[in-house]
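See structure below.
The values are calculated or read from the model by the stated rules, or taken from the named source; none is laboratory data. It should be emphasised that the depicted structure is a prediction, and the values quoted were computed from it without experimental measurement. Neighbour counts are summed over all protein chains in view; Cβ atoms, including those assigned to glycine, are modelled from backbone coordinates with ideal geometry.
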Amino acid sequence: MANNNDVILTTEQETQLRQPIEDYVGKIQAEIDGLRADGTQKVLSLQSHIERVKRDAALTKEEKTKIIAEDRTELEKAKAVEAKNKDAISKLIADAENYIKQHFNQDYYEHVKKSCGQEKIAAREKYRQKTAELEKEHQATISKLSDHQEIKDEKYVYKNRLFDAKMQLEKELQQIKDRKHAAYAYKYHLIDLLRMSKFTFMETRAQKWENYKYTFNRRAFLLQNGLYIAIILIFIMLCIITPIVKNAPLLTYNNVLNILQQASPRMFLALGVAGLILLTGTDLSIGRMVGMGMTAATIIMHKGINTGAVFGHIFDFSGLPVAAKVILALVVCVLLCTFFTTISGFFTAKFKMHPFISTMANMLVIFGLVTYATKGVSFGAIESEIPNMIIPKINGFPTIILWAAAAIAIVWFIWNKTTFGKNLFAVGGNPDAAAVSGISVFRVTVGAFVLAGILYGFGSWLECARMVGSGSAAYGQGWEMDAIAACVVGGVSFTGGIGKISGVVVGVFIFTALTYSLTILGIDTNLQFVFSGIIILVAVTLDCLKYVQKK
């Protein structure tokens, strides 16, 4: 233990180790600051002043022009000084960085790192001795007691003392961690001053990795990523099992493309419902909207006169050009889906009705209307050339994936770069606070439902093209569960105001890939529902744990 103590540095010893580096680099930094005073520093100061003058409403146009002209004259002089001193400053920076490279780790950081390692050992040994001492005292006290209540009280006191000892250990370990991190960061502090916050790509990566290790928390990491890790392990197992059972590999180029194709229409649905989940809502009518959109699109894009009737009427769109049919089908799908989501949004926003109720009512109305109107029949195939118009395959690559990519980009922009998107997160996080700050909760809620309807319409239209028609009221059953589950697995929280588009995308791919893999393996469809249910339950449990921890 004496040898270990020799390695542990005191604060004074650490300062002494760092002093030569501070002196050498500090001297160079003083020279650089002197050269920058009338050059770079003045340039930055004048540029900042010009921007402030431009925004100053108290000044007249003539006053602004005069001040800016004077500043620009000084700016040119400062830039000339900056250019003149550039080479001298570069040489000084190179000298300082050379010294840091040669001496920082060897003469300072490695010693601190070794010291911190020994401090950890010493802290844990101290904790072990403390707990042994507490155990001994506890047993000695217990042996003298006979009263049941007194024994119970002693056990309670003992437990508290153990907890205090554990907290003391955690505190000491955190202090050691802070010391090591501060020593590491000091190097980049020196470089930051020398280069005025200009780091190389590798230096930036190194700092990010160090910061990640410094802030890493195992419990938080598992709460955040535990489900993904489990699903990845399951998928790896499926990749191993499938070739053994089916004599064919799972991860092939064609299988990956098939997964992406199947995921693309579902991406629209997940992106739509994700906005509602952000508002602590949901949508149970997605599957029925897909069925309604598929039916409407199939009727319009059907080749020749429709064999089935809607409310007894036979539709004939054979006189329209194929392109007109495609556009009309898209417009009708979007309008129908948006009409029904707007109704749900209105009741949810106006009467504070839970989306579970308003969208369940929608689900029943849509299914009842479409089934009654069409007698539940399938309307057959659409024009054979339409899929090649909407989602052609280019050298075997299905362009339906590009539609999904475009939807992801657009919704990401809406969420992150528009006022509506910011308001969406604000209302989802705390509707009362959002209302007080001037945000219309009613408009944001209805807007989220309208956006969802547009996305559902596009999704059902694309699915119709992918499946070459076959629209019926029963199509899309259970799709709402897949869309909601994808969002939950992707980290869109039912507590509201928390979620990322990237999470939704990952969630959709996870569920589609898992379903596809289980289908190839020959797992019964009913058992696939069991897998989905377990994943949803675990995802929501982890989400609740994160919420409880946050609270």
Query raised in the report: From the list Ala323, Ala297, which one is in a helix (DSSP H, G or I), at pLDDT 90 or above, surrounded by fewer than 18 Cβ atoms within 10 Å (Cβ to Cβ) and not β-branched (Val, Ile, Thr)?
Result: Ala323
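So that you can scan it fast, the table gives a plain yes or no per residue for (1) among the small types (Gly, Ala, Ser); (2) assigned to a loop (DSSP other than H, G, I, E, B); (3) at positive phi:
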residue	(1), (2), (3)
Phe340	no, no, no
Gly345	yes, no, no
Met360	no, no, no
Met363	no, no, no
Phe367	no, no, no
Ser378	yes, yes, no
Ser384	yes, yes, no
Trp403	no, no, no
Ala406	yes, no, no
Query - helices (runs of 4 or more DSSP H) contained in the stretch 441-525 and holding at least 3 residues surrounded by fewer than 18 Cβ atoms within 10 Å (Cβ to Cβ) - result: 441-466, 501-520
**Report entry** Unique residue being out of contact with any strand residue (DSSP E or B) (no Cβ under 8 Å at 6 or more places or on another chain), surrounded by 13 or more Cβ atoms within 10 Å (Cβ to Cβ) and assigned to a helix (DSSP H, G or I) when the list is Lys114, Lys101
**Finding:** Lys114
Query - Residue selected from the stretch 48-90 under the condition among the β-branched types (Val, Ile, Thr) and in a helix (DSSP H, G or I), by the criterion nearest to Met196 (Cα to Cα) - result: Ile89
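Residues are listed down the side, and each one gets a yes or a no for (1) among the charged types (D, E, K, R); (2) modelled with pLDDT of 85 or more; (3) closer than 27 Å to Asp95 by Cα:
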site: Lys180; (1), (2), (3): yes, yes, yes
site: Arg205; (1), (2), (3): yes, yes, yes
site: Arg219; (1), (2), (3): yes, no, no
site: Leu222; (1), (2), (3): no, no, no
site: Gly226; (1), (2), (3): no, no, no
Query raised in the report: Among all residue pairs at least 6 apart or on different chains, which show Cβ distances below 8 Å where the first residue, located in the stretch 379-393, is closer than 15 Å to Phe317 by Cα and the second is among the polar types (S, T, N, Q) and exposed (fewer than 13 other Cβ atoms within 10 Å of the Cβ)?
Result: Phe379/Thr307; Gly380/Thr307
Report summary line: When the stretch 30-39 is checked residue by residue, the ones that are crowded, with 16+ Cβ neighbours inside 10 Å and in a helix (DSSP H, G or I) are Ile32, Leu35, Arg36
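Yes/no matrix, rows are residues, columns are (1) assigned to a helix (DSSP H, G or I); (2) modelled with pLDDT of 95 or more:
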position	(1), (2)
Leu9	no, no
Glu12	yes, no
Ile28	yes, yes
Gln41	yes, no
Report task. Please find, among Thr348, Thr374, Thr338, the residue that is closer than 16 Å to Ile454 by Cα, assigned by TED's automatic domain parsing to the domain that holds Asn306 and hydroxyl-bearing (Ser, Thr, Tyr). Result -> Thr338
